[in-house]
Amino acid sequence: MSVVAVGLDFVDVGRVERMLERHGDRILRRLLTADERFYCQGMAVPARHVAARIAAKEATYKALSQGGSDRVVWWSHVEVVRDSRGRPGLRLYDRAQASAAKLGITQCLVSLTHSDTQAAAIVILLNA
């Protein structure tokens with residue numbers, strides 16, 4: 001396997017908290033899938049987990065565009081999922097999936113982290 005592209009993003013948790021206070025569920029429906037919303041809303045501090053998912057989506061967009069994709073990818077086209085051990089992964093849909101296929105992507109790796117104030121994600125796109 002070889003690395004096609006890498007994306008990295010940081011998100012301010014306080015900014016996400018303010019967005020949630022101001023726009024509530026409407027902004028969550030725009031940014032996250034139903035499963036992502038359910039997961040984040042079940043956490044003690046939802047804004048941290050929302051911020052981590054926003055960072056992952058932004059990092060994915062950056063990696064896809066670095067790899068040469070010229071397609072517009074919407075928020076709902078990238079989903080952060082968790083495996084049975086709780087490790088994060090990515091599921092791509094629609095334009096994101098088409099962009100990855102065009103670039104020959106066979107695997108997407110993601111790592112998330114967050115503190116009280118910051119969330120970050122790195123995405124690595126690989127091909128066979």
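Residue 78 passes all but one of (1) under 20 Å from residue 104 (Cα atoms); (2) modelled with pLDDT under 95; (3) touching a Lys or Arg at 6+ places or on another chain (Cβ under 9 Å); which number fails?
Unmet for residue 78, out of (1) under 20 Å from residue 104 (Cα atoms); (2) modelled with pLDDT under 95; (3) touching a Lys or Arg at 6+ places or on another chain (Cβ under 9 Å): (2).
Of all residues being small (Gly, Ala, Ser) and without any contact (Cβ under 8 Å) to a residue 40 or more places away in the chain in segment 17-64, which is surrounded by the most Cβ atoms within 10 Å (Cβ to Cβ)? Just the residue, please.
Ranking the candidates gives 47 first.
For residue 82, state whether it is within 24 Å of residue 20 (Cβ to Cβ) and surrounded by fewer than 14 Cβ atoms within 10 Å (Cβ to Cβ).
yes
Only one residue in 100, 128, 96 is in contact (Cβ under 8 Å) with a residue 24 or more places away in the chain, within 21 Å of residue 27 (Cβ to Cβ) and more than 11 Å from the chain's Cα centre (by Cα), so which one is that?
96
Take segment 108-117 and flag every residue that is among the polar types (S, T, N, Q) and touching a helix residue (DSSP H, G or I) at 6+ places or on another chain (Cβ under 6 Å).
Answer for segment 108-117, where residues must be among the polar types (S, T, N, Q) and touching a helix residue (DSSP H, G or I) at 6+ places or on another chain (Cβ under 6 Å): just 117.
The values are calculated or read from the model by the stated rules, or taken from the named source; none is laboratory data. Just so we're clear, the structure is a prediction, and the values are computed from it rather than from any experiment. Cβ atoms come from the backbone with ideal geometry, glycine included; neighbour counts cover every protein chain shown.
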